[in-house]
Amino acid sequence: MSVYRMTVRFNLEDAEDRSAAEYLRGLKHGDCNRFVVNAVLTRVRAENANAVDPTLLDSIRQIFREEMQALPPITGTVLPALTAEEQDEQSVLDDLELFG
């Protein structure tokens, strides 16, 4: 059997390191090895699942550029939508203008 050995050090002054060390210390030797292997593989699989294919990002960027170029140019100032309260106030002002 081929074996790869590694030394892991825990800073016992750090609460998280100390908690992890205490947990591992409570496991049997074989269980400790299996736990570490499973933890590493779980992390690697999660990172790979969250990885985004760079070619997909390039395709999305290209589609976005093409769609943006197809839009008519924006002229003037675009005002933000009025809140319900602002709409009510504007309605009252518009009504008052009718009276000159």
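The values are calculated or read from the model by the stated rules, or taken from the named source; none is laboratory data. Everything numeric here is computed off the predicted structure, so don't read it as measured data. Methodologically, a virtual Cβ is constructed for each residue, glycine included, from the backbone with ideal geometry; neighbour enumeration extends over all protein chains shown. Just so you know, the surface numbers come from the protein's heavy atoms only, side chains and all, with ligands and any DNA or RNA stripped out. Shrake-Rupley method; radii C 1.70, N 1.55, O 1.52, S 1.80 Å.
Miscellaneous remarks
- Answer residue from segment 1-31, given it is part of a helix (DSSP H, G or I) and at pLDDT below 90 and is most open to solvent (accessible area, probe 1.4 Å) among those: HIS29
- Qualifying residue in segment 34-45 (condition: outside any helix (DSSP H, G or I), closer than 30 Å to THR7 by Cα and open to solvent by less than 100 Å² (accessible area, probe 1.4 Å)): no
- Checking every residue in segment 52-71 against the condition of being in a helix (DSSP H, G or I), under 30 Å from TYR4 (Cβ atoms) and among the polar types (S, T, N, Q) gives zero matches.
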